[in-house]
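None of the figures in this text is laboratory data; all of them are computed from the coordinates on show. Keep in mind that what you see is a predicted model, and the values were worked out from it rather than measured. Every residue, glycine as well, gets a Cβ built from its backbone with ideal geometry; the counts of neighbours run over all protein chains shown.
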Amino acid sequence: MARFYKSGLTLVELLISITIFSIIVTITLFVFFNTQQVEKKLQKSWELNREIDLFIKKISRSIKETKKILRAEANSLEIININNDTIRYCQKNHRFYKNGNPISPLLIDSLSFRYITISEMGRDHDYLNLEKNGDGFLEDKGLHSIFGIGIELQFLTSENKRVDRRVFIRLKNLERF
């Protein structure tokens, strides 16, 4: 007796192949969408870092042109630049202000200026806690010995994460008395 085999798939083989195909498609879609989410996060992070870097370059360029420091506080700075313009930097309501106008849409959680001076011994001194004369700013004698300003900024992202940045600006045009 001769047996005849029909070519084709049985129902079990068809179900197994559909299941394997579904698993492969599910894994592929998961990887694809996960990759897209990671790419969006990286793009946002890159744009934020670019904005922060541009912001810091803008401030640094302006502060480098300092001719005279009028007032130095932990969270504000008032200077006269080489064009004899008076400029006041400060932070309030999570914004960085230059002469009372916000200069960036970035949200700033905290800001502190650190004033680096040269002592009589020729050593650097970092004014973390400012020499206070009762008003919370550097005494006049301290203003003349400043040779650099450190700025510590803490930015807030749209996801309420904090991004820290520190920059040191050497003052080249500062008048010495």
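With 0.36 nm allotted per residue and the present C-alpha distance subtracted, the Glu39-Ile23 stretch has 3.3 nm of extension available.
For the residue pairs Lys41/Lys92; Lys44/Lys98; Lys57/Lys172; Lys92/Lys172; Lys98/Lys172, alpha carbon separations beyond 18 Å are given by Lys41/Lys92; Lys44/Lys98; Lys92/Lys172; Lys98/Lys172. Each residue, Leu9 and Arg165, gets one label point 7 Å from its Cα in the Cβ direction; the gap between the two is 5.7 nm.
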